[in-house]
Amino acid sequence: MVRSSGRQMDAMRDVVIETGILTHAEGSCLISCGDTRVICAASLGQRVPIFRRNTGLGWVTAEYAMLPRSTNVRNRRESISGRPSGRTFEIQRLIGRSLRSCVHAASLGERLIVVDCDVINADGGTRCAAITGAWVALRLAVNRLMVDGVVSNDPITGQIAAVSCGILAGQTCLDLEFSEDSEAEVDANFVINNQGQLIEVQCSSEQAPFGQEGLLQMLSLARKGTKELFQTQRDAIG
């Protein structure tokens, strides 16, 4: 089966990561996954959260937002409503957990790094693109801190990336765009490190229940996709 975009079921969209797009951030990039585009910026914060103070341990967290016209209809700015939506909270916590899985808190020292992920155009897989781009922004920020002598030992222990998979018309497919995501029988997101270990799996049936075989097939596709993303990250950093 060939998808409406012309991709094979196991093919990623074109992924491009442009670094250094923000002048003032310690690390930044624009990640484009097909028509999904996310700006990621890593900043050195002022103070770690209260539960990390006087521990010598650092903390990495994330914030996520979608611009009002990143989708086909205008979304109201969440800052106007006074608080982020439940979806936004869930995604930014996912990004933060994913980033912390590859950071050695003691090597970072008692420092805070905040990674902002802003979706400027959405066509499916925004959380996965945000995680993949956030790692690049974090890597660049830590590189800068090390060059400046702020951090002596590299606190980043490996790479992380994320990709979506699904079951569409009875077949497993990799990296769903919005038109596929909205029609898929099963929708899943995989966060994986460069050792092939799982950090988080979000998977749900939108229609009928599915079996173990479908889950394992999606996992196999996710490993293939993240392997490609790891190389794209390395190429972007240089």
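The values are calculated or read from the model by the stated rules, or taken from the named source; none is laboratory data. Just so it is clear, the model here is predicted, and its values are computed rather than measured. Here the Cβ is made from the backbone with ideal geometry for all residues, glycine too, and neighbour counts use every protein chain on show.
Here are the numbers:
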quantity	calculated
Of residues in segment 49-62 being assigned to a loop (DSSP other than H, G, I, E, B) and free of Cβ contacts under 8 Å to residues at least 60 places away in the same chain, the one nearest to I95 (Cα to Cα)	L57
All positions within segment 37-46 that are of a type in the set (A, V, I, L, M) and surrounded by fewer than 21 Cβ atoms within 10 Å (Cβ to Cβ)	L44
Every pair of residues 6+ apart whose Cβ atoms lie under 6 Å, when the first sits in segment 108-127 and is in contact (Cβ under 8 Å) with a residue 60 or more places away in the chain and at positive phi while the second is crowded, with 17+ Cβ neighbours inside 10 Å and of a type in the set (V, I, T)	G125/T36
Filtered residue count, segment 1-25, keeping only those that are crowded, with 21+ Cβ neighbours inside 10 Å and closer than 13 Å to A134 by Cα	2
Top-ranked residue of segment 77-89 - restricted to ones that are part of a helix (DSSP H, G or I) and not polar (S, T, N, Q), ranked as surrounded by the most Cβ atoms within 10 Å (Cβ to Cβ)	E78
Residue, farthest from S101 (Cα to Cα), within segment 197-217, restricted to residues that are in a loop (DSSP other than H, G, I, E, B) and of a type outside the set (S, T, N, Q)	A208
Pairs, first on the phi > 0 side of the Ramachandran plot and modelled with pLDDT of 95 or more in segment 221-235, second buried (at least 24 other Cβ atoms within 10 Å of the Cβ) and of a type in the set (F, W, Y), C-beta under 7 Å, six or more apart	none
Selected residue (criterion: surrounded by the most Cβ atoms within 10 Å (Cβ to Cβ)) from residues of segment 207-238 that are charged (D, E, K, R) and closer than 18 Å to L30 by Cα	E228
Residue in segment 97-108 that is surrounded by the fewest Cβ atoms within 10 Å (Cβ to Cβ), counting only those that are in contact with a Pro (Cβ under 6 Å, 6 or more places away or on another chain) and part of a helix (DSSP H, G or I)	S107
Any hit, segment 47-59, residues being of a type outside the set (V, I, T) and under 18 Å from the mean Cα position of the chain (by Cα)	yes
Sole exception among (1) assigned to a strand (DSSP E or B); (2) under 23 Å from L198 (Cα atoms) for A65, by number	(2)
E180 vs. criteria among the acidic types (D, E) and under 29 Å from E18 (Cβ atoms)	yes
Those residues of segment 172-206 which are surrounded by fewer than 18 Cβ atoms within 10 Å (Cβ to Cβ), over 29 Å from T157 (Cα atoms) and of a type in the set (G, A, S), in sequence order	S179, S182, S204, S205
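To keep it simple, each residue is scored yes or no on (1) surrounded by 21 or more Cβ atoms within 10 Å (Cβ to Cβ); (2) out of contact with any strand residue (DSSP E or B) (no Cβ under 7 Å at 6 or more places or on another chain); (3) closer than 25 Å to V201 by Cα.
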site: D35; (1), (2), (3): no, no, yes
site: F51; (1), (2), (3): no, yes, no
site: T61; (1), (2), (3): no, no, yes
site: N75; (1), (2), (3): no, no, no
site: I91; (1), (2), (3): yes, no, yes
site: I95; (1), (2), (3): yes, no, yes
site: E110; (1), (2), (3): no, yes, no
